[in-house]
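Take a look at the structure below.
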Amino acid sequence: MSHTDSANPPSLFRNRFLQTILLSSVLLQVGIWVRNFAILLYVADRTNNDPYAISLISVAEFAPIFVFSFIGGTFADRWRPKRTMIWCDLLSAVSVFGVLLSIHFGSWESVYLVAFISAILSQFSQPSSMRLFKYHVREEQLQQGMALFQSLMAIFMVLGPMLGTFVYSNFGLEISIAVMGVVFLLSALVLIRLPEDDMKQQTAAVKGQFRKDFVEGFRYVWQSQVLRMLGLAFILAGLAVGVAQALNLFIVTERLGKTEEFLQYMLMVNGAAMLIGGGIVAVFAKRVPPQLLLSIGMLAGAICTTIVGFSTSIPLTLSVQFLNGLVFPCIHIGISTMILKWSHSSIVGRVNGVLNPMFVGMMVVSMSFAGALKTSFSLSTIFSGAGILFLLGALVMIPIMNQKAPDHTAAAQET
């Protein structure tokens, strides 16, 4: 199906596609973290910590994912992926500078547009990246490649909050937003280095009625037992993660008796562990089926989330956060690998577009109800409930634990 069919595969680190996409991701992560903290701190300062104004930031970031992921995934399968990714980064940069002008001339509420527009465009770029990943990385190296991405995300979980806070505190909102625009431009330039995708025949084959392509993504997921179970695991994990994320601040203030600032240390401990965990999984990735990886991550999430809800000990909570971070990469890597392995390269974008909103949508739903749950139940009860959801997600994997990924190579010319 691609140049990756040679008998002796080159080292993953010599893969030109992976080198390029990792460099692009580093640049984008810098921009995203600077943006996130600049907007958060600016809105908090401007509105005197108004909960409604601050919650709108999450709506601006997550609502487009839920709405546009289906559409973006479909178009990602119809368009040339390399060109799509470059244009998305360029349009993001243009929109950022446009919003920057609006902010400069007095409309501070425009800061929400920065997150909103960027989130929309990412729904076209991200599935295109997944499609190229499927095409340019050998099947047996997919899980290792995903582990490298997870490690990169973990590095920014540690460095991102510090970087974002530093830039905003020293240079203010406008420079922070400008930094985001510049790194998106740089990312677009880096992506020019991507190998030519040579997917003209594949892309031409899926041109036709948009509605037909759109529906085909849902049908493809529904007809695969593995992808159906993965969707259910997505829903359960989204519900659990949303509640835990929304109420982590109360764990710090009520259970541990610390100030809000202590939350950043919990996140840093978790991020450092994710970095280590991603490295460990990268080493053992070839030997462990992705279903088992996902189950291990979900089971650990169930235990750790429940303990965090009951703990009033700072050392215990931080230790459990570290353990949870250590194992959390198993969830991300397991899910991403399963999507890639069980999806034909011509439909990866749509499969991603169908499954991703299940996680994000349920996360938004549970975040929305978190406040109401907090007034009715104790933190211990809520976090125990989230732990049960993680446990159910692990159990969902049992019926598909021994299934092998289909061989799409033979069918490469069909779609």
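Overview of values
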| quantity | calculated |
| --- | --- |
| Residue in segment 47-54 that is of a type in the set (D, E) and assigned to a helix (DSSP H, G or I) present | no |
| Members of segment 143-171 that are within 23 Å of I86 (Cα to Cα) and not aromatic (F, W, Y) | G145, M146, L148, Q150, L152, M153 |
| Residue check, V243 in a helix (DSSP H, G or I), hydrophobic (A, V, I, L, M, F, W, C), surrounded by 15 or more Cβ atoms within 10 Å (Cβ to Cβ) and modelled with pLDDT under 90 | yes |
| Qualifying residue in segment 138-152 (condition: touching an Asp or Glu at 6+ places or on another chain (Cβ under 9 Å) and in a helix (DSSP H, G or I)) | yes |
| Check on L340, assigned by TED's automatic domain parsing to the domain that holds I251, hydrophobic (A, V, I, L, M, F, W, C) and either at pLDDT 85 or above or over 27 Å from Q144 (Cβ atoms) (or both) | no |
| Among residues of segment 32-67, those that are under 15 Å from the mean Cα position of the chain (by Cα) and under 14 Å from F116 (Cα atoms), counted | 9 |
| Residue tally, condition assigned to a loop (DSSP other than H, G, I, E, B), at pLDDT below 90 and within 27 Å of S380 (Cβ to Cβ), over segment 282-330 | 1 |
| Meets criteria (at pLDDT 75 or above, aliphatic (A, V, I, L, M) and out of contact with any Leu (no Cβ under 6 Å at 6 or more places or on another chain)) for I120 | yes |
| Contacts under 9 angstrom Cβ, first residue in segment 378-395 being in the same structural domain as L227 (by TED's automatic domain parsing), partner assigned to a helix (DSSP H, G or I) and charged (D, E, K, R), 6 or more apart | L379/E254; L379/R255; S380/R255; I382/K374 |
| Scan of segment 235-262 for residues that are in contact (Cβ under 8 Å) with a residue 60 or more places away in the chain and of a type in the set (A, V, I, L, M), ordered by number | I235, L236, A237, L239, A240, V241, V243, A244, A246, L247, I251, L256 |
| Filter result (surrounded by 21 or more Cβ atoms within 10 Å (Cβ to Cβ), out of contact with any Leu (no Cβ under 8 Å at 6 or more places or on another chain) and either among the hydrophobic types (A, V, I, L, M, F, W, C) or at pLDDT 90 or above (or both)) within segment 174-183 | V179, M180 |
| Failed item, numbered, when S343 is tested on (1) part of a helix (DSSP H, G or I); (2) surrounded by 20 or more Cβ atoms within 10 Å (Cβ to Cβ); (3) out of contact with any Lys or Arg (no Cβ under 6 Å at 6 or more places or on another chain); (4) not basic (K, R) | (1) |
| Residues satisfying the stated conditions in segment 101-117, i.e. modelled with pLDDT of 85 or more and over 21 Å from the mean Cα position of the chain (by Cα) | L101 |
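The values are calculated or read from the model by the stated rules, or taken from the named source; none is laboratory data. Worth saying up front: this structure is predicted, and the values here are computed from it rather than measured. Neighbour counts run over all protein chains shown; Cβ positions are idealised from the backbone, glycine included.
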